[in-house]
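Notes follow once the structure below has been shown.
The values are calculated or read from the model by the stated rules, or taken from the named source; none is laboratory data. Computed from a prediction, not measured in an experiment: that's the story for all the values here. With ideal geometry, Cβ positions are generated from the backbone for all residues, glycine too; neighbour counts draw on all protein chains shown.
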Amino acid sequence: MTQVPATSNHNGESLVNEPVEPKSSEPSPAAVPEHAEIDAADWSPRKVLRWAYRKYEDEIAIASAFGVEGIVLIDMAAQVRPQPHVFVLETSFLFPETYRLIEQVESRYGISVQRVLPSLSPEEQARAHGEELWSRDPDLCCHLRKVEPLRRHLAHLRAWVTSIRRDQTQHRAQTRKVEWNPRFGVMKINPLADWSRERVWQYIRERKLPYNPLQDRNYPSIGCVQCTRPVNPGEDPRAGRWPGFPKTECGLHTPESDTPLR
Ligand code: SF4
């Protein structure tokens with residue numbers, strides 16, 4: 001397993017493909033109170049990450065579902081902090097292609113992606129809540145397999161880096177790049193908040209980054225196998241999630257996030 005140097009990828013290509021911004025415009029991390037939201041609206045993703053890693057040091061982690069945004073974020077974070085802590089909410093129901101992509105990313109960046117598991121195995125969940133809970137109550141299933149494991153994992157951290165973008169869903173439209181998340185009791189860092197899907201793909205292509213092959217088979221948003229279908233031409237990229245339900249979020253980034261969980 002080869003660790004990628006901070007300034008080049010495994011091909012020796014330069015990773016510095018965005019203008020270098022002066023550090024003088026950043027508030028000193030030490031001077032910013034623990035839960036203060038700062039005005040990072042004009043900051044590039046790399047600048048947000050650089051500031052956040054200085055502020056939160058080893059108590060910050062990237063949560064990734066290994067969509068294209070997550071891959072971009074990991075690539076940028078690896079330039080700021082070699083071998084960043086990355087974790088995935090391992091529901092036990094991810095696509096085989098996703099599991100293979102995780103291994104590819106681990107190899108490329110010399111990291112070990114932490115698999116954060118639910119407290120119930122699929123069999124235990126079926127015994128406790130009935131077979132195929134996702135087909136009857138996907139909110140409860142997502143709570144058990146994603147929200148609760150995330151809460152448990154974030155309890156050990158001060159900052160949570162996400163790859164959400166404002167134009168993905170209505171719930172994400174007000175996302176700030178650095179914001180306090182009262183539900184999980186951490187700072188939420190959203191470096192890609194103002195990026196478009198096109199900009200994300202531009203970065204993927206420029207950097208020749210790996211991505212989930214399902215993307216090329218009309219799966220623009222990929223979650224668990226049971227709850228993801230390919231989209232039809234013209235459909236919203238997230239239309240393939242939770243088919244048959246009016247659900248567009250797994251519950252990690254919704255307004256209910258204002259209800260403290262700990
Ligand atoms: S996406 Fe579906 S299977 Fe996965 S945790 Fe949510 S409801 Fe359950």
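Data table
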item: Selection from region 67-80 of residues that are of a type in the set (D, E, K, R) and under 11 Å from Tyr109 (Cβ atoms); result: Asp75
item: Failed item, numbered, when Pro191 is tested on (1) surrounded by 14 or more Cβ atoms within 10 Å (Cβ to Cβ); (2) within 16 Å of the ligand (Cβ to nearest atom); result: (2)
item: Single unsatisfied condition, Gly240 versus (1) of a type outside the set (Ser, Thr, Tyr); (2) buried (at least 17 other Cβ atoms within 10 Å of the Cβ); (3) within 16 Å of the ligand (Cβ to nearest atom); (4) touching a residue at least 40 places away in the same chain (Cβ under 8 Å); result: (4)
item: Subset of region 123-138 [under 17 Å from Gly244 (Cβ atoms) and surrounded by 13 or more Cβ atoms within 10 Å (Cβ to Cβ)]; result: Leu133, Trp134, Ser135, Asp137, Pro138
item: Criterion (within 11 Å of the ligand (Cβ to nearest atom) and either within 22 Å of Glu206 (Cα to Cα) or of a type in the set (A, V, I, L, M, F, W, C) (or both)) met by exactly one of Leu117, Leu150, Leu140; result: Leu140
item: Given (1) at pLDDT 95 or above; (2) more than 16 Å from the ligand (Cβ to nearest atom), number of the condition Gln174 does not satisfy; result: (1)
item: Options Ala61, Ala52, Ala78, Ala40; residue that is buried (at least 21 other Cβ atoms within 10 Å of the Cβ), away from the ligand (no atom under 14 Å from the Cβ) and over 16 Å from Lys188 (Cα atoms); result: Ala78
item: Qualifying residue in region 205-220 (condition: in contact with a Cys (Cβ under 9 Å, 6 or more places away or on another chain), closer than 18 Å to Glu97 by Cβ and of a type in the set (A, V, I, L, M, F, W, C)); result: no
item: Residues located in region 51-79, provided they are within 17 Å of the chain's Cα centre (by Cα) and farther than 20 Å from Trp201 by Cβ; result: Ala52, Tyr53, Glu59, Ile60, Ala61, Ala63
item: Filter result (assigned to a helix (DSSP H, G or I), under 14 Å from Arg158 (Cα atoms) and out of contact with any helix residue (DSSP H, G or I) (no Cβ under 7 Å at 6 or more places or on another chain)) within region 46-60; result: Ala52, Tyr56
item: Residue under evaluation Leu120, criteria (1) surrounded by 15 or more Cβ atoms within 10 Å (Cβ to Cβ); (2) free of Cβ contacts under 8 Å to residues at least 40 places away in the same chain; (3) within 17 Å of the chain's Cα centre (by Cα), criterion not met; result: (3)
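Matching residues to (1) within 12 Å of the ligand (Cβ to nearest atom); (2) in contact with a helix residue (DSSP H, G or I) (Cβ under 8 Å, 6 or more places away or on another chain); (3) at pLDDT 85 or above:
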| site | (1), (2), (3) |
| --- | --- |
| Arg207 | no, yes, yes |
| Cys224 | yes, yes, yes |
| Asp236 | no, no, yes |
| Pro255 | no, yes, no |
